[in-house]
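Written below as structure tokens is the structure these notes are about.
The values are calculated or read from the model by the stated rules, or taken from the named source; none is laboratory data. Bear in mind the structure is a predicted one, so any value in this text is a computation, not a measurement. For neighbour counting, all protein chains shown are included, and Cβ atoms are generated from backbone atoms with ideal geometry for every residue, glycine included.
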Amino acid sequence: MNLATRYLGLDLRNPLVASAGPMTQTADRIERLAEAGVGAVVLPSLFEEQIRAEADRDERLAEVGIDSFGEATSYLVDPDASVWPRQYLDLIERATRPGIPVIASLNGSTSGGWTDYARAMQDAGASAIELNIYYLPGDPLIPGQDAEQRYVDILSAVKSVVSVPVAVKLTPYFSSFGDMALRLEKAGADGLVLFNRFMQTDIDPDTFTISTGFKLSSPTEATLPRSWIARLRGQLRSSLAASTGVETADDVAAYLLAGADAVMTTSALLRHGPGHVTVLLDGLTAWLDRKGIGSVNEIRGLLAPAADTPQPGLGRYGYLAAVEQATRSFSPR
Ligand SMILES: Cc1cc2nc3c(=O)[nH]c(=O)nc-3n(C[C@H](O)[C@H](O)[C@H](O)COP(=O)(O)O)c2cc1C
């Protein structure tokens, strides 16, 4: 069975990628993922705020004077603020192993010098950069166009300092997501990762408190990214990676049929451990066997509508049919 795929111009032994999260945070965990057969790994994000903190700290140290470094660090509010950016580069070096590309993740929301860190990631050995643009335009006066331009500007800044491929991980919340995807490709995106996971903000009416947190996903959340991957497959030349709701081998297969080049998972690995990579790959191989198909390449995008073909089942016609069907199924007797 040939599971090999190409993602961002990189050769992967299979399409299963461990996405950014705690499972890729240490070289040991990455080793276990590699042993389980993973195709590539995306390291957890290095955040714009962490890079800025490092730059601020270096600047303050320079002001105090390099000769009194030890003493100078004791004046700083947070002497450890710069540890993670430097450790990150070290993690890239230690995570690198033959045949398993390591993708570094840079996460921010404004234009600025922090994007230059992509170059340091490349120099440390990253095979590609995943640029997570996590921008929450909370100001009701920001026009949509300005919010969208910000994505293009940040991507352009990163592209200008690296030669390795750059994927953009983003949210579906644009007035026209397809147009945004095409604009990012035009601005140089080598791939798109659909989608970013939003922090879940909630209100507890009992305690009158607002909570923020990150919950693990469920497979039902895969329908939106899967639909967009299918929609965009015929329109984009750049790679498409699926991220959200992969729990079983069927979820992997469905994303491939929609047209994903790579299928990523975080929640399932946190729930079941790195060995779940083998379960998913064995399941995918068994499914391909059952269907009499010899390679992943033969099924990629099989169910993606061609760019120039009207798909009545997917538009409003399909919507009306689905409402009628659901009304029949769920009507009280
Ligand atoms: C605990 C946790 C930490 C995460 N950290 C990051 C991160 O640092 N950078 C990032 O781009 N995505 C991060 N993610 C999002 C995942 O990479 C992934 O996109 C998301 O969880 C959806 O995939 P899943 O349904 O397989 O979990 C994190 C997710 C979880 C659950």
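When restricted to residues that are at positive phi and in contact with a Phe, Trp or Tyr (Cβ under 7 Å, 6 or more places away or on another chain), region 208-267 contains 1. Within region 263-287, being within 12 Å of the ligand (Cβ to nearest atom) and either of a type in the set (Gly, Ala, Ser) or within 22 Å of Asn132 (Cα to Cα) (or both) holds for Val263, Met264, Thr265, Thr266, Ser267, Ala268, Leu269, Leu270.
If I ask for residues that are charged (D, E, K, R) and either within 15 Å of the ligand (Cβ to nearest atom) or exposed (fewer than 10 other Cβ atoms within 10 Å of the Cβ) (or both), which ones from region 187-223 would you list? Listed by number, the residues that qualify are Arg197, Asp204, Asp206, Lys215, Glu221.
Do we find that Pro219 is touching a Ser or Thr at 6+ places or on another chain (Cβ under 9 Å) and closer than 23 Å to Met23 by Cα in this structure? Spelling it out, Pro219 is indeed touching a Ser or Thr at 6+ places or on another chain (Cβ under 9 Å) and closer than 23 Å to Met23 by Cα.
Considering the conditions (1) on the phi < 0 side of the Ramachandran plot; (2) not in a helix (DSSP H, G or I), Gly188 is excluded by exactly one of them, (1). Among the residues of region 290-307, count how many are exposed (fewer than 11 other Cβ atoms within 10 Å of the Cβ) and in a helix (DSSP H, G or I). Counting residues in region 290-307 that are exposed (fewer than 11 other Cβ atoms within 10 Å of the Cβ) and in a helix (DSSP H, G or I) gives 1.
Figure legend. Inter-residue proximity from region 83-109: first residues over 12 Å from Ala126 (Cα atoms), second residues small (Gly, Ala, Ser), beta-carbon distance below 7 Å, spacing 6+ or different chains. Indicated pairs: Asn107/Ser45. Among the residues making up region 247-262, those that are more than 11 Å from the ligand (Cβ to nearest atom) and either outside any helix (DSSP H, G or I) or modelled with pLDDT under 95 (or both) are Thr248, Gly259, Ala260, Asp261, Ala262.
Cβ-Cβ distances below 6 Å connect the following pairs, each with a first residue in region 117-144 that is under 20 Å from Val158 (Cα atoms), a second residue that is within 15 Å of the ligand (Cβ to nearest atom) and among the aromatic types (Phe, Trp, Tyr), and a separation of six or more residues or different chains: Ile133/Tyr151. With the requirement that a residue be surrounded by 10 or more Cβ atoms within 10 Å (Cβ to Cβ) and either polar (S, T, N, Q) or more than 16 Å from the ligand (Cβ to nearest atom) (or both), what does region 127-147 give you? Within region 127-147, Ser127, Asn132, Pro137, Ile142, Gly144, Asp146, Ala147 meet the criteria.
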